[in-house]
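Read the structure below first, then the notes.
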Amino acid sequence: MFTWDQRWEVVIGLEVHSQLQTQSKIFSGSSIAYGAEPNTQASAVDIALPGVLPVMNQEAARLAVKFGLAIGAHINQRNVFARKNYFYPDLPKGYQISQMELPIVGLGELEIDTEDGAKKIGITRAHLEEDAGKSLHEDFQGQTGIDLNRAGTPLLEIVSEPDMRSPSEAVAYLRKLHSLVRYIEICDGNMQEGSFRCDANVSVRPRGQEELGTRTELKNINSFRFVERAIEFEIERQIDILEDGGKVVQETRLYDPDKHETRSMRSKEDAHDYRYFPDPDLPPMVLEDSFIEEIRATLPELPGAKKARFESELGLSTADADVLTADRDVAEFFESTVNATKAETKIVANWMVGELFANLNKSDLEIAASPISTAQFALLLDRIADNTLSGKTAKQVFAALWEKEGEVDAIIEAKGLKQITDTGAIETIVDEVIAACPEQVQQFKDGNDKVIGFLVGQVMQKSRGKANPQMANQMLKDKMS
Amino acid sequence: MTIITLAQLSADLDAGKVSSTELTQEYLQRIDASEHNAFISVDQELALTRAKDADAKRANGESSPLLGVPIAQKDIFCIDGTQTTCGSKILENFIAPYTATVVSNMHDHGVVSLGKTNMDEFAMGSSNETSHYGNVVNPWSSKGATLVPGGSSGGSAAAVSAQLAPAATGTDTGGSIRQPAAFCNLTGIKPSYGRCSRYGMIAFASSLDQAGPMTHTAEDAAMLLNTMVGFDSKDSTSLDVPAEDYTTQLNDSIEGLNIGLPKEFFGEGLKPEIATLIERAVKEYESLGANIKEVSLPNSHLALPSYYVIAPAEASSNLSRFDGVRYGYRTEEYTDLVDMYTKTRSEGFGDEVKRRIMIGAYALSSGYYDAYYSKAQKLRRLIANDFNDVFKECDVLMGPTTPSTAFSAGSNSDDPVAMYLNDIYTIPANLAGLPAASIQAGFTSAGLPIGLHIIAPYLQESKLLNVAHQYQKVTDWHTLSAPGASAHNVGEKA
């Protein structure tokens, strides 16, 4: 657990670039599918040939509005694209089309869970912009290759207020946001492929001071763990500087996950003057009330509401409800299973959070790729509920389902795992065990209750796990007393 | 020698007096023989292929007014497979892989593109002297004194004036169609902003640029404009309005027409001789039954300063794509990325372009944005409001197109501000997005043509052309051919 000198207060704000799940680019018809051969998804518009013009992709606006509605934000029904001017080889036009003064999404908020309970994090704004291409530094003999497939990919830049006060709060916010964009299906959230990227603004100030300290902006922190570690490192670095009587320099710093350090990328003095101005090629975007209301009608149940419902209606613990609503696919898997099984909701939660998640993690699979369907998972839990399987044999069936060996009942049949509940059959084994273990039987009779566990174990072993353990236990006690 | 109009060529083609191939060959020969430097590139093969295609279509019974008519295209329009330089060294090696919407619209109507005309670099200039491809000779030059054709559409103006093409396209950001039309005795139309798609037209100042026709007559301008306009989903500033036939109102009577003469267009700086000629033209309108009244555009003195902030600001950003990375000129040797950018752009752009990029970058820079760009946009609204006010009492406005006539090459090149004053009367229409024309209105004692400037309310191109045509029906200034015009004559041949 990371701690720091509590005389210092930490202030964190995050800027998240979320790639919108459109079919085509924000200002051209090119595909945005990931992983294509370099420059095969770069049209005349994307490579900024002389004379080409941008045309707004309405789908990107729709997804941005969906996000705004999901965080209860003000939607700017008249919003304006602006040009952000700078030179870089992967920026074909020499400017990025973004939004400056009038972004599509205005002030909203997102609630996170902290150690001290729920906390609201303000979201200053979210604006539409286009992504740049990529510079490729390998395989070009000292030269740089440019791949413009990504150029023009629609992004929603989500800017938080400086409301977070610890690295764990920052991560909690980021996870919440990650969950939300996937829930409302505006972004696939794939951090490896860069679909969900985060920059952090970090500063510290003496606790009680009103004025904000000088901040640094951390870049290249594209996993939850790196965000946390980069901020932790930066807090320590800044406190060290201030305690030594120094001053924090306002600058952009790059996080190096291998060395676990941040290092200066460019200072404020080197900062670009982006010469923002409204893009004359794109008239202001005007969103009709009906357009917004249509989008509102497509919003799914949001994670917060779902979590509350899982707790109140399905009786889940806060912890289970949290885990099972963090991802929309997980929540849907859970609800489908609950609807299909006779097992108690709590058992469903236990098996999901336990066995299923453990196996998914081990195989690095998303729940959508689970080899076990909700129907088979529900059936497995039914067989526990109706005493066909014990907890132990159920795990064997689960393993077989995972390996796609067949369906639940066929596996039970094939492996002979049907639990023995027939009194006669269990009695025979119990008698054998009593006869084979006179020493333990004597101990029990002398008052050592704990030895019963050993004896039940013997029964289970002899029945190859199929005897109903509760029945065996009762029968042993009856016979030995 | 007489001028040859599109209307006449259209009729000749229709009557089978001449084929598109013959016409195209004739104009290609004239271009080849001319010494006006009006063209940057000519693709004879492509032109003749299109001409043959047009002839085949006519043989098949297809008919369209401009089917098979050859036209010169300003080298600001991308045409698939052709060199497209925009008058700049930085695009010397650029072959466009696609065609501008305006040109493809014209091609769809059967127009034959003859070649690409010379122009001021990136349309920045009023004399065609900023072109990387050399000065253009105004066909109205007399022996010994080489006059500029105006700019930026100087090559197009010279080509039509010298009869190297019966008509040409131009673009107008602050007067680049109308000023050269006035200098070369042509009719030039700048349509309402958004009428012609800007897709494929290399951007100078996006909020001001507009393509238009340069012809001998208003009737020709209407015919050519018919083939250029139309909504284009590839240009978000393109107007989604129904297509019109601009020739239908040409012959409407203008009796009772209310003509406003903004007093600001007749003030200091206007050559007295031009003022007199404009007054004479206005009198002609009066004799056609028009009512004349003096009006005021009180903020028009703010147009030039406002324009010279907005246009360079947009240009500074629009021209950033010419960086040597993906296409166009790249410097030979460089040490690193910044060096590559610096040398490429220093060597690839001419002085006027660099001057405007610097002005524009300054006007947009942090700390100056409010004082310059923001303020210029506010002035722009005031200027547009002035027009809204006067059009409540007038149908059109008239004045001189330029304060002076064509000047000799080199005479203004050391004084950018003197050069910028060429556009003082034309810029307000660009800032307000209004349609405007320059038509032939006579000659000075030195024998140089002058232009009558007509501004109409938004989207009233038909009215504009009607007013221009009615004047041309009773005058013959537009029929006078330049002394430097080509000796050949298509009309005689036909």
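The values are calculated or read from the model by the stated rules, or taken from the named source; none is laboratory data. Treat the numbers as computed from the prediction; the structure is a model and nothing was measured. Glycine also receives a Cβ, built like all others from the backbone with ideal geometry; neighbour counts cover every protein chain displayed.
The table for this structure:
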item: Region A:221-247 - residue that is of a type outside the set (D, E, K, R), touching a strand residue (DSSP E or B) at 6+ places or on another chain (Cβ under 7 Å) and without any contact (Cβ under 8 Å) to a residue 40 or more places away in the chain and, of those, surrounded by the most Cβ atoms within 10 Å (Cβ to Cβ); result: A:Ala230
item: Residue within region B:476-484 that is out of contact with any Asp or Glu (no Cβ under 6 Å at 6 or more places or on another chain) and without any contact (Cβ under 8 Å) to a residue 60 or more places away in the chain present; result: yes
item: Enumeration of residues in region A:363-406 that are charged (D, E, K, R), on the phi < 0 side of the Ramachandran plot and surrounded by fewer than 19 Cβ atoms within 10 Å (Cβ to Cβ); result: A:Glu366, A:Asp382, A:Asp386, A:Lys392, A:Lys395, A:Glu403, A:Glu405
item: The one condition in (1) more than 14 Å from chain A (Cβ to nearest Cβ); (2) under 24 Å from B:Arg178 (Cβ atoms) that B:Lys143 fails to fulfil; result: (2)
item: Enumeration of residues in region B:320-339 that are more than 9 Å from every other protein chain (Cβ to nearest Cβ) and part of a helix (DSSP H, G or I); result: B:Asp339
item: Residue match in region B:160-181 (condition: part of a strand (DSSP E or B), out of contact with any helix residue (DSSP H, G or I) (no Cβ under 8 Å at 6 or more places or on another chain) and closer than 26 Å to B:Gly350 by Cα); result: no
item: Strands (runs of 3 or more DSSP E) fully within region B:211-317 counting 1 or more residues that are closer than 30 Å to B:Val69 by Cβ; result: B:211-215
item: Some residue of region B:219-232 being modelled with pLDDT of 95 or more and within 14 Å of chain A (Cβ to nearest Cβ); result: yes
item: Identity of the residue in region A:97-123, among the polar types (S, T, N, Q) and surrounded by fewer than 20 Cβ atoms within 10 Å (Cβ to Cβ), that ends up farthest from the chain's Cα centre (by Cα); result: A:Ser98
item: Failed item, numbered, when A:Leu299 is tested on (1) under 22 Å from the mean Cα position of the chain (by Cα); (2) aliphatic (A, V, I, L, M); (3) buried (at least 19 other Cβ atoms within 10 Å of the Cβ); result: (3)
item: Selection within region B:75-109 - away from every other protein chain (no Cβ under 14 Å) and either crowded, with 24+ Cβ neighbours inside 10 Å or closer than 17 Å to B:Ala38 by Cβ (or both); result: B:Met106
item: Pair list, Cβ < 6 Å and 6+ apart or interchain, from region B:233-254 residues that are within 12 Å of chain A (Cβ to nearest Cβ) to residues that are among the aliphatic types (A, V, I, L, M); result: B:Asp235/A:Leu53; B:Ser236/A:Val55; B:Ser236/A:Leu282
item: Flag for A:Ala48 being buried (at least 22 other Cβ atoms within 10 Å of the Cβ) and either basic (Lys, Arg) or more than 10 Å from every other protein chain (Cβ to nearest Cβ) (or both); result: no
item: Count of residues meeting criterion [surrounded by fewer than 16 Cβ atoms within 10 Å (Cβ to Cβ), touching a strand residue (DSSP E or B) at 6+ places or on another chain (Cβ under 9 Å) and among the basic types (Lys, Arg)] in region A:248-264; result: 1
item: Per-region count, region A:428-463, residues under 50 Å from the mean Cα position of the chain (by Cα), in contact (Cβ under 8 Å) with a residue 12 or more places away in the chain and surrounded by fewer than 17 Cβ atoms within 10 Å (Cβ to Cβ); result: 1
item: In region B:340-357, the residues that are free of Cβ contacts under 8 Å to residues at least 40 places away in the same chain and either more than 26 Å from B:Tyr133 (Cα to Cα) or more than 11 Å from chain A (Cβ to nearest Cβ) (or both); result: B:Lys343, B:Ser346, B:Lys354
item: Residue within region B:269-280 that is out of contact with any Asp or Glu (no Cβ under 8 Å at 6 or more places or on another chain), surrounded by fewer than 21 Cβ atoms within 10 Å (Cβ to Cβ) and within 14 Å of another protein chain (Cβ to nearest Cβ) present; result: no
item: Wholly within region A:131-172, strands (runs of 3 or more DSSP E) carrying at least 2 residues that are within 14 Å of chain B (Cβ to nearest Cβ) and of a type outside the set (Phe, Trp, Tyr); result: A:134-136, A:145-147
item: Within region B:282-307, tally of residues that are surrounded by 22 or more Cβ atoms within 10 Å (Cβ to Cβ) and out of contact with any Asp or Glu (no Cβ under 8 Å at 6 or more places or on another chain); result: 3
item: Qualifying position, being part of a strand (DSSP E or B) and of a type in the set (A, V, I, L, M, F, W, C), among A:Ala60, A:Ala126; result: A:Ala126
item: Residue match in region A:55-73 (condition: facing chain B (nearest Cβ under 10 Å) and modelled with pLDDT of 95 or more); result: yes
item: B:Tyr193 vs. criteria outside any strand (DSSP E or B) and within 28 Å of B:Glu347 (Cα to Cα); result: no
item: Selection status of A:Ala36, more than 14 Å from chain B (Cβ to nearest Cβ) and assigned to a loop (DSSP other than H, G, I, E, B); result: yes
item: Test: A:Ser267 is away from chain B (no Cβ under 14 Å) and without any contact (Cβ under 8 Å) to a residue 24 or more places away in the chain; result: yes
item: Conditions (1) over 33 Å from the mean Cα position of the chain (by Cα); (2) crowded, with 17+ Cβ neighbours inside 10 Å; (3) away from chain B (no Cβ under 14 Å); number of the one not met by A:Asp281; result: (3)
item: Scope region A:437-481; condition within 23 Å of A:Gln396 (Cβ to Cβ) and not in a helix (DSSP H, G or I); matching residues; result: A:Ser463, A:Arg464, A:Gly465, A:Lys466, A:Ala467, A:Asn468
item: Residue that is over 30 Å from A:Ile367 (Cα atoms), in contact with a Lys or Arg (Cβ under 7 Å, 6 or more places away or on another chain) and assigned to a helix (DSSP H, G or I), where the choices are A:Ile434, A:Ile426; result: A:Ile434
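Per-residue answers, yes or no, for (1) touching a residue at least 40 places away in the same chain (Cβ under 8 Å); (2) charged (D, E, K, R); (3) within 14 Å of another protein chain (Cβ to nearest Cβ); (4) not in a helix (DSSP H, G or I):
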position: B:Ile359; (1), (2), (3), (4): yes, no, yes, no
position: B:Gly367; (1), (2), (3), (4): no, no, yes, yes
position: B:Tyr372; (1), (2), (3), (4): yes, no, yes, no
position: B:Gln377; (1), (2), (3), (4): yes, no, yes, no
position: B:Glu393; (1), (2), (3), (4): yes, yes, no, yes
position: B:Ser404; (1), (2), (3), (4): yes, no, no, yes
position: B:Asp414; (1), (2), (3), (4): no, yes, no, yes
position: B:Ala418; (1), (2), (3), (4): no, no, no, no
position: B:Asn430; (1), (2), (3), (4): yes, no, yes, no
